[in-house]
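Below is one structure, written out as structure tokens; the observations come after it.
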Amino acid sequence: MSQIKTYLSITLCFFWCYSALAQTEFNAKVIEMANETPLANAFIINTKTKDTLISNKNGNFNITDFGSYLLQKPGYFSKTVQFSQNDYRIVSLQINPQQLGEVVFNTNHVPKPLKKATAAINIVTSKDIERANNINFSPVLNRVPGVFMQSGTLSTNRIVIRGIGSRTLYGTSKIRAYFKDIPLTNGSGETNIEDFELGSISSFEIIKGAVSSIYGAGLGGTIHLKPESATFNQTSFSTELTLGSFGLVKSLNELNYGASKSNYKVVYSHTESDGYRDNNNYNRETLTLNSNHYLGEKDELSFLGSYVDLKAFIPSSINASDFENRPKTAALNWKQAQGYEAAKRGIFGLSWKHQYSSSLNQNTSIFTSFRDAYEPRPFNILTENSFAFGIRTRLLGDIKLLEKDLNWTLGAEVFREHYRSKTFENLYEAFPIGTGSVQGAKASDFKEKRDYYNLFFEGNYEFSEATTLSVGLNMNQTGYDLTDDFAVSEENPDQSGNFQFKTILSPKFGVSHLFSEAISAFASISHGFSPISSAETLLPDGQINTQLKPETGWNFELGTRGTSLDNRLNYSLNIYRLDVKNLLVARRVGQDQYIGVNAGRTQHDGLELSAEYQWFQSADFTLSSFANYSLNHYKFKEFIDDGQNFSGNELTGVPNGIFNAGVDVTSKIGFYGNINFQQVGKMPITDSNNLYSNAYSLTNLKIGYAPKLSEQLQLNLFFGLNNIFDTAYASQILINANSFGNAAPRYYYPGEPSNYFSGISLNYVF
């Protein structure tokens with residue numbers, strides 16, 4: 001905690017220095033709460049005279065008749081604010097989940113309505129996050145069609161988007177992720193978001209497929225996390241305590257301070273659990289700080305910092321017999337070694353936005369991150385240290401081309417990571433049972449420099465009032481420099497070397513068309529790639545395999561979005577094909593040794609359908625429902641691995657279909673509730689398709705009472721049940737698991753049986 005306090009005090013002192021800067025040059029600005037995007041064409045209505053102002057494209061407007069004003073914009077909840085003389089005001093509006101088609105999205109850094117998007121984009125709102133217990137990301141992400149997050153434990157997860165990433169044995173790869181403007185994907189293409197505090201996130205923007213030129217053109221897509229921000233001109237404090245099954249205890253505390261030109265939000269959480277299984281204890285502390293500073297009409301400054309201190313024991317996967325008869329047990333070797341992961345990690349970023357003119361802006365972010373980890377495993381003990389830094393900058397402009405609007409963004413992202421890993425013998429078997437891991441002699445010692453840069457361009461041309469054309473290009477250069485500091489011998493050859501990818505160009509083309517105010521459609525063609533990790537380039541003889549090629553693919557997609565029945569029904573439908581070549585296979589050659597092999601091609605054909613319906617809405621009561629379905633037809637088009645031909649088989653580790661549905665109820669007096677159902681189809685566990693997991697269904701429930709006790713104090717009591725019908729299922733699969741000795745292969749991570757959570761929160765506005 002001493003490190004946390006130091007980071008907090010330094011950061012707050014630094015930014016409070018800006019509070020006195022820059023006299024305002026305009027009266028007010030309206031932005032979106034989730035990502036501070038300026039909202040153009042918002043209505044600012046004088047509640048007394050009914051005179052109406054409209055915000056410009058930068059969200060600015062001038063107040064001359066001070067008093068009470070109502071701010072409105074389609075897609076957002078209305079807000080009434082009080083303006084007084086010489087009172088600079090930033091007003092933030094919150095997304096209305098029932099009008100997502102009208103919401104402004106910002107993935108291209110050029111705000112525009114979601115219904116004009118030329119790609120498949122899903123926005124996960126704060127309401128979607130609050131449906132669950134804010135402990136685990138998987139219930140949130142698994143409601144998005146095309147996204148599948150397997151969660152073996154709170155710290156063992158794998159995210160798959162449209163089948164991409166399913167062949168990663170541990171963790172998430174081939175998917176890009178950003179926390180605000182800070183990359184969460186490391187230099188080897190691996191992504192970790194589950195250690196962050198879910199309660200500090202206001203929304204997600206998920207771009208599916210290789211369509212995001214400005215975010216690295218990842219094959220699977222991009223997950224963009226938006227941190228919660230404090231409300232301007234308001235100070236509040238909230239605290240929440242959650243208790244649940246398997247010894248779950250979580251405390252969440254938030255401090256919000258908002259002045260007229262600056263705001264600060266500090267979130268501290270502590271989560272601990274005994275876990276459902278043996279050797280499954282979990283303990284995590286997090287601290288998140290997000291601040292925003294408007295220095296004038298042309299300059300904005302923001303800071304984002306996150307610190308995580310984690311210790312999570314690892315039960316690992318188990319074989320079929322234990323899965324069916326003893327699901328609470330841990331893998332025997334992991335239990336005897338008392339294996340765990342201990343990690344301290346932090347990310348910090350400073351962003352500056354400058355408006356050169358009404359048609360030209362610059363956004364620049366500098367960022368750094370670190371991670372120190374210690375992981376005792378049955379086969380060795382791993383230590384890792386990494387330090388990364390980089391800069392991301394872009395110009396955003398709009399011009400007239402043939403008397404039509406052209407919005408464009410041009411930029412670059414440069415990233416460098418210094419990574420060091422060591423392994424040591426684990427001598428736990430030489431000591432009495434119960435001792436746990438004991439560190440022995442050093443077995444390896446590597447240092448790496450991982451570098452990449454992205455140059456990107458994207459333009460959106462309003463060909464007409466109804467038709468938007470989009471074109472983009474990403475250029476990537478990635479390289480590794482590996483130094484082997486371990487003693488060289490015949491058994492331990494020198495593995496030093498470097499690996500430089502060829503420059504990869506990834507274009508995209510898209511078009512969207514509004515057939516009416518209620519119906520739109522889009523089509524896109526785009527290219528993406530996934531980098532090779534340095535570990536995958538190493539061969540058993542210590543040499544670097546320079547013949548490996550990164551996975552690349554083309555994505556073809558058609559989609560439509562619309563509203564109907566007096567805007568009570570919102571729907572979307574996408575069909576796509578993703579063709580991936582140079583399929584990279586992690587071939588296991590030892591208990592903890594893999595080599596990368598290019599083994600063929602995969603074809604990902606899919607359909608995604610989602611709908612939301614407002615059954616009843618009044619001042620006293622609302623009733624709504626949602627449903628979505630993903631149909632996955634993923635095949636090995638060409639796949640020969642180690643002499644075996646798997647061409648034509650189903651892609652391993654992805655269900656053939658996922659269905660989600662739910663009902664939400666709220667009342668004026670404070671009662672609320674939701675029930676959610678998920679059906680996951682069977683999935684192949686082996687490349688030969690001779691073994692499949694069973695399909696399963698889960699039903700979760702949450703109810704609560706959130707009365708306003710006074711003008712300043714809000715209470716929230718809640719209770720939830722997960723897996724109501726006590727379904728036995730595998731929450732994560734280890735594909736193609738090998739057996740060693742006489743042991744059976746360990747494919748399964750058992751999901752938790754029926755379990756509860758309950759809690760209380762208080763929010764006080766000063």
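Remarks
- Only strands (runs of 3 or more DSSP E) whose full extent lies in the range 34-80 are considered here, and the ones with at least 3 residues that are over 20 Å from HIS293 (Cα atoms) and open to solvent by 40 Å² or more (accessible area, probe 1.4 Å) are 52-54.
- Residue in the range 303-316 that is within 22 Å of GLU254 (Cβ to Cβ), among the small types (Gly, Ala, Ser) and either open to solvent by 10 Å² or more (accessible area, probe 1.4 Å) or out of contact with any Ser or Thr (no Cβ under 7 Å at 6 or more places or on another chain) (or both) present: no
- The residues of the range 604-616 that are free of Cβ contacts under 8 Å to residues at least 60 places away in the same chain and not hydrophobic (A, V, I, L, M, F, W, C), listed by number, are ASP605, TYR613.
- Residue-level check: of (1) of a type in the set (A, V, I, L, M, F, W, C); (2) open to solvent by 60 Å² or more (accessible area, probe 1.4 Å); (3) more than 29 Å from PRO227 (Cβ to Cβ), PHE389 misses just (3).
Per-residue answers, yes or no, for (1) at positive phi; (2) in contact with a Ser or Thr (Cβ under 8 Å, 6 or more places away or on another chain):
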site: GLY606; (1), (2): no, yes
site: PHE636; (1), (2): no, yes
site: GLU650; (1), (2): no, no
site: ASN656; (1), (2): no, no
site: GLY670; (1), (2): yes, no
site: ILE675; (1), (2): no, yes
site: PRO684; (1), (2): no, yes
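- Exactly one residue out of THR622, THR560 is at pLDDT 90 or above, in a strand (DSSP E or B), over 28 Å from the mean Cα position of the chain (by Cα) and not charged (D, E, K, R), and it is THR622.
- Cβ separations smaller than 8 Å between residues 6+ apart or across chains give no pair from the range 502-524 residues that are on the phi < 0 side of the Ramachandran plot and part of a loop (DSSP other than H, G, I, E, B) to residues that are of a type in the set (D, E, K, R) and open to solvent by 10 Å² or more (accessible area, probe 1.4 Å).
- Scope the range 185-222; condition among the hydrophobic types (A, V, I, L, M, F, W, C) and at negative phi; matching residues: ILE193, PHE196, LEU198, ILE201, PHE204, ILE206, ILE207, ALA210, VAL211, ILE214, LEU219
- The range 652-670: number of residues that are more than 24 Å from the chain's Cα centre (by Cα) and among the hydrophobic types (A, V, I, L, M, F, W, C): 3
- Hey, ASN263 modelled with pLDDT under 95 and open to solvent by less than 10 Å² (accessible area, probe 1.4 Å) or not: yes
- Matching entry among TYR282, TYR294 (being modelled with pLDDT of 95 or more, of a type in the set (Ser, Thr, Tyr) and buried (at least 20 other Cβ atoms within 10 Å of the Cβ)): TYR282
- Residue pairs whose Cβ atoms lie under 7 Å apart, separated by 6 or more positions or on different chains, with the first residue in the range 535-554 and at pLDDT below 70 and the second charged (D, E, K, R) and assigned to a strand (DSSP E or B), do not occur.
- Selection count where residues are open to solvent by 30 Å² or more (accessible area, probe 1.4 Å), among the hydrophobic types (A, V, I, L, M, F, W, C), under 28 Å from the mean Cα position of the chain (by Cα) and at pLDDT below 95, scope the range 570-596: 1
- The range 147-184, residues that are in a loop (DSSP other than H, G, I, E, B) and either of a type in the set (Phe, Trp, Tyr) or open to solvent by 10 Å² or more (accessible area, probe 1.4 Å) (or both): LEU154, SER155, ARG167, THR168, LEU169, TYR170, GLY171, LYS174, LYS180, ASP181, LEU184
- In the range 342-382, residue farthest from the chain's Cα centre (by Cα) [restricted to those that are surrounded by fewer than 18 Cβ atoms within 10 Å (Cβ to Cβ) and more than 30 Å from ASN60 (Cα to Cα)]: PHE379
- Top-ranked residue of the range 688-700 - restricted to ones that are touching a Pro at 6+ places or on another chain (Cβ under 9 Å) and open to solvent by 40 Å² or more (accessible area, probe 1.4 Å), ranked as nearest to VAL140 (Cα to Cα): ALA695
- Put simply, of ILE703, ILE724 the only residue that is open to solvent by less than 60 Å² (accessible area, probe 1.4 Å) and at pLDDT 95 or above is ILE724.
- Scanning the range 254-283 for residues that are under 27 Å from THR235 (Cα atoms), of a type in the set (D, E, K, R) and in a strand (DSSP E or B) gives GLU254, LYS265.
- If you go through the range 401-413 and keep only what is in contact with a Ser or Thr (Cβ under 9 Å, 6 or more places away or on another chain) and open to solvent by 70 Å² or more (accessible area, probe 1.4 Å), you end up with just LYS404.
- Yes/no for GLU638 being at pLDDT 90 or above and surrounded by 14 or more Cβ atoms within 10 Å (Cβ to Cβ): no
Okay, residues lined up against (1) more than 24 Å from ILE214 (Cβ to Cβ); (2) open to solvent by less than 60 Å² (accessible area, probe 1.4 Å); (3) among the polar types (S, T, N, Q):
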site	(1), (2), (3)
LEU396	no, yes, no
GLU429	yes, no, no
ASP445	yes, yes, no
GLU465	yes, no, no
VAL471	no, no, no
GLN477	no, yes, yes
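- Note on the range 671-680: residues that are surrounded by fewer than 21 Cβ atoms within 10 Å (Cβ to Cβ) and touching a residue at least 40 places away in the same chain (Cβ under 8 Å) amount to 1.
The values are calculated or read from the model by the stated rules, or taken from the named source; none is laboratory data. Predicted model only: the values in this text are computed from it and were never measured. As a convention, Cβ positions derive from the backbone with ideal geometry for all residues, glycine included, and neighbour counts pool all protein chains shown. Heads up: the accessible areas ignore ligands, DNA and RNA and are worked out on the full protein's heavy atoms, side chains in. Shrake-Rupley method; radii C 1.70, N 1.55, O 1.52, S 1.80 Å.
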